[in-house]
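Here's the structure, in structure tokens; my notes come after.
Taken together, the values in this text are just the output of simple stated rules run on the coordinates, not laboratory data. Keep in mind the model is a prediction, meaning the values are calculated, not measured. Reconstructed Cβ throughout: ideal geometry from the backbone, glycine too, with neighbour counts over all protein chains shown.
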Amino acid sequence: MAMMLCGCPEERAQTEPFSERPSEIGASSSHAPALAMVIDVLAVRADQPVDLEAVKTVLHDAEPALLSCLDADGSTGVVACKLSIVDNGSVGEVSQQKETTYGSDDARACFERIIASLRFPTPQSHDRIEVTASLEVRTRYESQP
């Protein structure tokens, strides 16, 4: 009986509409939500002088890795974190901030691990710089009219 309701895989493949964006037709692959999602750098602030545009660029360039952290349900929200950039540009510590509204504990921990592995501009006159960053997880087509 279930075969009659659902059809066999060969029949579904012939009757489902074709789309270059599988996430738009509800693909159930665990990678499908990442295809329709983006992570924007909303804000970056620092407690000491640092090239904020360079920090934003590093975070933006990490988007492909960060997309692997997304929950499979296609949810959206903000990941707010505080990180310390030490004298060689590596990240000393990363912590979530209360403004975080995105994702499961696993997804947020994944964001922290990836951010902790990044290299930022070397602080010029300080051994350590505290940076806060807000990243928005949203659908790729959310901002289109």
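Computed values, structure above
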read-out	value
Separation of the Ser68 and Asp106 label points, Cα + 7 Å toward Cβ, nm	1.5 nm
Pairwise FRET efficiency - Tyr141 versus Asn88, Cβ, R0 = 35 Å, nearest 0.05	0.30
Segment 29-139: translational diffusion in µm²/s, Stokes-Einstein, Kirkwood Rh over Cα pairs, 4 °C, 1.567 mPa s	92 µm²/s
In segment 62-145, the chymotrypsin sites (Phe, Trp or Tyr not before Pro) that fall in loop regions by DSSP, at most 16 other Cβ within 10 Å	Tyr141
